[in-house]
Amino acid sequence: MPMSIRRLAAAAIGIVLLATGCTFQANDSAPHAGPVVLGFINGGTTSFHTCLQTAVTKTTTNNLAKVVVANSNGSKSAELHNVQDMITDKVDAIILLSVDADALNADIDAAHKAKIPLMLIAVTPSDDSETLGAVISDLPGIGKLDAQWVDDDAVGNPVRVAVVSGDGGTASNLMVSGFTKNLTHNVKLVGGGRGMFNRTTAKDVATKMIKDHPDIQYTFVANEDMAFGVREAFDAAGANGVKIVTVNGTDEGLAALKDGKFAATVSNSVQDLGSLAVTHTLALLRNEEENKISRVGARLITKANADTAPLYCDTDG
């Protein structure tokens with residue numbers, strides 16, 4: 001059976017360094033022969049974290065490097081312990097998905113003192129002089145893309161919109177801000193609540209929201225899992241016509257686009273995030289890249305272009 005366009009594109013990601021040899025120079029130290037060793041510290045065990053780890057490990061292997069994996073399981077103290085273990089193991093660089101921005105200072109300080117390059121995922125410190133770099137998603141841009149779709153769909157008519165955010169953390173706040181700040185004058189924000197990145201919680205929020213504001217026409221939901229709960233609540237209340245715009249681009253979400261459950265989503269590929277974290281780290285270690293910050297692209301996805309959406313997660317991992 002031929003490989004799909006989305007699968008074929010994903011298979012090509014992360015092999016850009018494959019033919020360039022395997023001698024690396026980290027932090028101006030003497031080069032060493034043999035494969036570079038990356039330490040990857042994950043932050044949890046949700047489907048997002050699992051997909052991220054798959055992307056990191058497969059891309060590392062595709063680039064003739066090795067990876068040592070640890071998981072902080074949501075604990076700031078465990079995260080610092082994992083950083084210290086990676087230092088003891090003398091990895092060539094650490095790729096870190098932090099469990100909390102408040103934990104970063106200790107992590108950065110430990111790695112910097114040990115002269116181990118540190119690559120961050122999803123966050124950038126105010127002072128990046130002591131880190132190798134960061135790979136991030138354009139979270140405000142993601143919200144903006146959904147806001148622009150609402151504006152285009154409303155064609156200038158007065159409409160009412162609600163928001164179901166995540167957990168109130170930085171990522172959720174940036175997406176929501178990107179959405180609300182880019183709504184045009186004819187789009188009125190009338191309701192909102194935190195879904196805590198949980199489908200059941202989001203459903204409960206939406207049940208109250210549609211009762212309080214039965215004239216809602218659009219709702220922005222900060223990820224697709226919550227959006228399914230919101231859709232269930234709206235349909236149960238007879239509000240089948242409320243259009244949902246959301247974020248991720250999972251296979252389940254793309255199917256919902258095709259079925260009309262969602263109106264639009266914005267791709268925020270974990271596959272791309274994990275792959276870029278590895279290739280950007282290797283490029284910086286080889287002095288082949290000058291920009292410390294690299295961003296994962298985001299695309300607005302609708303029913304019309306759902307078949308060309310980036311792969312969210314490599315399920316073959």
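The values are calculated or read from the model by the stated rules, or taken from the named source; none is laboratory data. Keep in mind the model is a prediction, meaning the values are calculated, not measured. Reconstructed Cβ throughout: ideal geometry from the backbone, glycine too, with neighbour counts over all protein chains shown. Accessible surface areas use protein heavy atoms only, side chains included; no ligands, DNA or RNA. Shrake-Rupley method; radii C 1.70, N 1.55, O 1.52, S 1.80 Å.
Within the range 52-92, how many residues turn out to be aliphatic (A, V, I, L, M) and within 21 Å of SER137 (Cβ to Cβ)?
The number of residues fulfilling the criteria is 3.
Would you confirm, using the coordinates I've provided, whether THR200 is among the β-branched types (Val, Ile, Thr), open to solvent by 40 Å² or more (accessible area, probe 1.4 Å) and assigned to a helix (DSSP H, G or I)?
So THR200 passes the test.
Six or more apart or on different chains, Cβ atoms under 6 Å: show the pairs whose first residue is in the range 182-196 and part of a loop (DSSP other than H, G, I, E, B) and whose second is charged (D, E, K, R) and surrounded by fewer than 16 Cβ atoms within 10 Å (Cβ to Cβ).
From residues that are part of a loop (DSSP other than H, G, I, E, B), the pairs are MET196/ASP167.
Evaluate the following for VAL266: is it among the hydrophobic types (A, V, I, L, M, F, W, C), touching a strand residue (DSSP E or B) at 6+ places or on another chain (Cβ under 6 Å), surrounded by fewer than 24 Cβ atoms within 10 Å (Cβ to Cβ) and within 25 Å of ASN42 (Cβ to Cβ)?
no
Table: residues versus (1) open to solvent by 70 Å² or more (accessible area, probe 1.4 Å); (2) modelled with pLDDT of 85 or more; (3) more than 23 Å from the chain's Cα centre (by Cα); (4) within 19 Å of VAL270 (Cβ to Cβ).
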position: LEU8; (1), (2), (3), (4): yes, no, no, yes
position: ALA12; (1), (2), (3), (4): no, no, no, yes
position: VAL36; (1), (2), (3), (4): no, yes, yes, no
position: GLN53; (1), (2), (3), (4): no, yes, no, yes
position: VAL56; (1), (2), (3), (4): no, yes, no, yes
position: ASN71; (1), (2), (3), (4): no, yes, no, yes
position: LYS76; (1), (2), (3), (4): yes, yes, no, no
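Would you confirm, using the coordinates I've provided, whether VAL150 is in contact with a Leu (Cβ under 9 Å, 6 or more places away or on another chain), touching a residue at least 24 places away in the same chain (Cβ under 8 Å), assigned to a helix (DSSP H, G or I) and under 14 Å from ALA263 (Cβ atoms)?
Yes.
Return yes when THR250 is open to solvent by 10 Å² or more (accessible area, probe 1.4 Å), in contact with a strand residue (DSSP E or B) (Cβ under 8 Å, 6 or more places away or on another chain) and of a type in the set (Ser, Thr, Tyr) and no when it is not.
No.
Hey, among the residues in the range 155-178 that are in a helix (DSSP H, G or I) and touching a residue at least 60 places away in the same chain (Cβ under 8 Å), which one's most open to solvent (accessible area, probe 1.4 Å)?
The residue in question is THR170.
Give me a count of the residues in the range 156-177 that are among the hydroxyl-bearing types (Ser, Thr, Tyr) and at pLDDT below 90.
Of the residues in that region, 2 qualify.
Restricting to the range 78-124, count the residues that are within 24 Å of the chain's Cα centre (by Cα), modelled with pLDDT of 95 or more and of a type in the set (Asp, Glu).
Residues flagged as within 24 Å of the chain's Cα centre (by Cα), modelled with pLDDT of 95 or more and of a type in the set (Asp, Glu) within the range 78-124 amount to 2.
Restricting to the range 243-266, name every residue that is among the hydroxyl-bearing types (Ser, Thr, Tyr) and under 10 Å from ALA306 (Cβ atoms).
Once the filter is applied, which keeps residues that are among the hydroxyl-bearing types (Ser, Thr, Tyr) and under 10 Å from ALA306 (Cβ atoms), the range 243-266 yields only THR265.
Within the range 238-247, restricting attention to residues that are under 13 Å from VAL161 (Cα atoms) and open to solvent by 20 Å² or more (accessible area, probe 1.4 Å), which residue is nearest to the chain's Cα centre (by Cα)?
LYS243
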